[in-house]
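Remarks on the structure that follows.
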Amino acid sequence: MDTTTVERLMRQLLSEIGEDPDREGLLKTPERIAKALDYLTSGYRADPQDLLSSARFTQETDNMIIARDIELYSLCEHHMLPFFGRCHIGYVAKGKVFGVSKLARLVEVYARRLQIQERLTEEIAHAMMDSGDVQGVGVIIEARHLCMMMRGVEKQNSVMTTSSVLGSFLYSPATRSEFLSLISRPKP
Ligand SMILES: [Zn+2]
């Protein structure tokens, strides 16, 4: 990302919305936005498979492994406004398990791009499947979208839920319902 170009565009944007980019409070705003955007879109410059392959541990288990309530912050591709919430990932391993912090990082890699919630959910599930180390995976995201809340488009408090199930989670109803019951349990 060319930060000089982004700063120039942000200065121009400030003028267009009726602001004075030279007023004291705004002098450094283009620079701050450029830095923030660089961070919030850093997912384009990260490779999910590199990440997953760096954190696999050999562990014989056929049990379902769940990472619940992974915090999630992303930007919607329609308005570039935040949507945020939680992501739950469940998977059945094939001899290797992933470190929990890597699953959180995986969510970030895809969340730090312009997204729609449906695609974000699917991309996380497919990356887990593509790693070749899982028999099946389920991903659920619950999020609130500021583009709806701030613009008053829909009910201000509505939470959108999306899910993606692949492999054994897709073809085994028992696996799928185990996943759903595990993520809906009260927190310890
Ligand atoms: Zn939007």
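Below, the figures for the structure above:
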| item | result |
| --- | --- |
| Residues (out of contact with any Lys or Arg (no Cβ under 9 Å at 6 or more places or on another chain) and either closer than 19 Å to Lys102 by Cβ or at pLDDT 95 or above (or both)) located in the range 49-67 | Gln49, Asp50, Ser53, Thr61, Asn63, Met64, Ile65, Ile66, Ala67 |
| Members of the range 124-169 that are surrounded by fewer than 16 Cβ atoms within 10 Å (Cβ to Cβ) and within 12 Å of Val92 (Cβ to Cβ) | none |
| Selected residue (only one of Arg119, Arg68 is under 11 Å from the mean Cα position of the chain (by Cα) and within 29 Å of Thr175 (Cα to Cα)) | Arg119 |
| Conditions (1) surrounded by 15 or more Cβ atoms within 10 Å (Cβ to Cβ); (2) within 13 Å of the chain's Cα centre (by Cα); (3) within 16 Å of the ligand (Cβ to nearest atom): number failed by Ile89 | (3) |
| Matching residues in the range 37-57 - criterion: being more than 15 Å from the chain's Cα centre (by Cα) and surrounded by fewer than 16 Cβ atoms within 10 Å (Cβ to Cβ) | Asp38, Gln49, Asp50, Ser53, Ser54, Phe57 |
| Residue match in the range 67-82 (condition: more than 16 Å from the ligand (Cβ to nearest atom) and in contact with a Ser or Thr (Cβ under 8 Å, 6 or more places away or on another chain)) | no |
| Residue satisfying all of: in the range 99-151; in a loop (DSSP other than H, G, I, E, B) and at pLDDT 95 or above; nearest to the ligand (Cβ to nearest atom) among these | Ile116 |
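Rundown of residues vs (1) out of contact with any Asp or Glu (no Cβ under 8 Å at 6 or more places or on another chain); (2) among the hydrophobic types (A, V, I, L, M, F, W, C); (3) under 30 Å from His78 (Cβ atoms), yes/no style:
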| position | (1), (2), (3) |
| --- | --- |
| Arg119 | yes, no, yes |
| Glu122 | yes, no, yes |
| Gly132 | yes, no, no |
| Ile141 | yes, yes, yes |
| Thr162 | no, no, yes |
| Ser168 | yes, no, no |
| Tyr171 | yes, no, no |
| Ser181 | yes, no, no |
| Pro188 | yes, no, no |
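The values are calculated or read from the model by the stated rules, or taken from the named source; none is laboratory data. Keep in mind the model is a prediction, meaning the values are calculated, not measured. Glycine also receives a Cβ, built like all others from the backbone with ideal geometry; neighbour counts cover every protein chain displayed.
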